[in-house]
Amino acid sequence: MSTGWCGGSDGMRVLFLTQWFQPEPFFKGLPFAKALADRGHDVEVLTGFPNYPGGTLYPGYRVKACQREVIDGIIVHRVPLYPSHDLSTLRRIINYVSFSLTSFILGPWLVKKPDVIYVYNLVTLGPTAFLLRLITGARVVIDVQDLWPDSVVNSGMMRNRHALRLLNGFCRGVYQRADLLTVLSPGFKEKLVERGMQPRDIHVIYNWCDESSFAMNVRLPETAQNDAKGSFDVLFAGTMGSVQGLDTVLDCALMCKETLPAVRFILIGGGAERRRLERRSCELGLDNVSFLPPRPMDEMGELYSLADALLVHLKDEPVFHITIPSKTQAYLYAGKPIIMAVRGDAARLVRDAGAGLQCEPEDPESMMTAIRLLYEMSDDERRSMGERGYRYYLDNLSFSEGVKSFEKLMQVASKEDARGA
């Protein structure tokens, strides 16, 4: 087993243990690894062969026993997995379990001795992380992005109550055995504490947005000017699926058609519900609603800057009260007023930033009231609201702040008294 290292005396040896990594669209992947390396740490990656999100291998790759490559100076070890990401529960389970098994068997022979093992999200990687900890003495930090088994139930992957009971016990064991956990919202921390985790071992580090892909197109709030277009544009960007509950937006648009005729709704993206929503919009005669196809992220900054308000909406389900939709960070960074139709942590974040207005989810009247309040504000008031969100993002949620928070936590974890910190 390889244990050599030639890093600096002040640097940590950090292993990224993750099923997904570049060239897959993984925002906590290569840029995060490079940022830690730039701060003097020795970083390497143990991952699978790229197949997400389509479930087919990327060009230039084929599954084999192992593969070592260097991407922008970061050493990446790939081990076999079963490529899949479709609606089949069995194939999804095999996809997760296959990488868990191969990383468990091959990982100790491939990676250098780390000080910290950073595990991205999947509890199925717990056995590999704990084996490496047993062998090397490294500390394990798990970045919890989805609460298992809750997320498994919500995705429809598993319904059998006996299987869920076993999965719940496994998840609890993984979370309890980690040295430290990071979560993306205070609500996640509360849920884990309810399940018996120690509060001192759980740290909230908010996600950041993919700043580099659309930063050049973001107009700074203090210089952005409203286009003289004669309309007030409310933009929703992202997946149009069942959990987004976008029928509420159409119902609101129908109400606005009579009372706020200057308001237009622009929905950008794809998803399972898009065609049905388009048909319903036509049936209702909503000429104030436009559907645009998905756009690459490097075009989104300009579209955000042309909108007057940016909309977040999810169904009123308890699980979403502790969720912060990823578009929230992007909206804050764009520097435009936000209409937040989600309860809980996401609404609290926008309220703390002073970056927008909250309305009730699945309530078109409440949404229309929030839109009316924004519409009746002056340009300066809306611009100040967007600027507050932008500054809040830079000070609290940005990539640079996130990297510093993770680095500090990893340094704590690498010490002998990590669990008592």
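The C-beta contact set for the range 395-411 (first residue over 19 Å from LYS327 (Cα atoms), second residue of a type outside the set (Lys, Arg) and modelled with pLDDT under 95, distance under 6 angstrom, 6+ apart or interchain) is empty.
Tallying residues that are in contact (Cβ under 8 Å) with a residue 24 or more places away in the chain and buried (at least 17 other Cβ atoms within 10 Å of the Cβ) within the range 75-92 yields 10. For the residues ASP352, ASP363, the requirement of being among the charged types (D, E, K, R) and closer than 11 Å to ARG388 by Cβ singles out ASP352. Here the range 48-67 is the region considered, the condition is being closer than 13 Å to PHE21 by Cβ and at pLDDT 90 or above, and the residue that is surrounded by the fewest Cβ atoms within 10 Å (Cβ to Cβ) is TYR58.
The residue of the range 255-277 that is nearest to the chain's Cα centre (by Cα), among those that are hydrophobic (A, V, I, L, M, F, W, C) and crowded, with 17+ Cβ neighbours inside 10 Å, is ILE268.
Restricting to the range 279-294, and then to whatever is surrounded by fewer than 16 Cβ atoms within 10 Å (Cβ to Cβ) and touching a strand residue (DSSP E or B) at 6+ places or on another chain (Cβ under 6 Å), can you tell me which residue is farthest from ALA334 (Cα to Cα)? Step by step, filter the range 279-294, then rank; the result is SER290.
Just one of the listed residues (ASP143, ASP150) is charged (D, E, K, R), at pLDDT below 95, assigned by TED's automatic domain parsing to the domain that holds LEU106 and under 19 Å from VAL319 (Cα atoms), and it is ASP150.
Condition check ((1) of a type in the set (Phe, Trp, Tyr); (2) closer than 21 Å to THR248 by Cβ; (3) at pLDDT below 95) across all residues:
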{"residue": "ASP298", "(1), (2), (3)": "no, no, yes"}
{"residue": "GLU302", "(1), (2), (3)": "no, no, yes"}
{"residue": "ILE339", "(1), (2), (3)": "no, yes, no"}
{"residue": "ALA353", "(1), (2), (3)": "no, no, no"}
{"residue": "SER366", "(1), (2), (3)": "no, yes, no"}
{"residue": "ALA370", "(1), (2), (3)": "no, yes, no"}
{"residue": "SER384", "(1), (2), (3)": "no, no, no"}
{"residue": "TYR392", "(1), (2), (3)": "yes, no, no"}
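If the condition is being at pLDDT 95 or above and under 19 Å from the mean Cα position of the chain (by Cα), then the range 105-123 contributes TYR118, VAL119, TYR120.
Could you identify the single residue in TYR331, TYR375 that is crowded, with 24+ Cβ neighbours inside 10 Å and aromatic (Phe, Trp, Tyr)? Criteria check complete, one pass: TYR331.
Only a single criterion out of (1) out of contact with any His (no Cβ under 8 Å at 6 or more places or on another chain); (2) outside any loop (DSSP other than H, G, I, E, B) is not satisfied by LYS113, namely (2). Do we have any residue at all in the range 339-358 that's over 19 Å from the mean Cα position of the chain (by Cα), at negative phi, outside any loop (DSSP other than H, G, I, E, B) and basic (Lys, Arg)? Yes, the range 339-358 has at least one match.
The values are calculated or read from the model by the stated rules, or taken from the named source; none is laboratory data. These numbers come from a predicted model, not from an experiment. Counting neighbours? That spans all protein chains shown, and the Cβs are built from the backbone with ideal geometry, glycine included.
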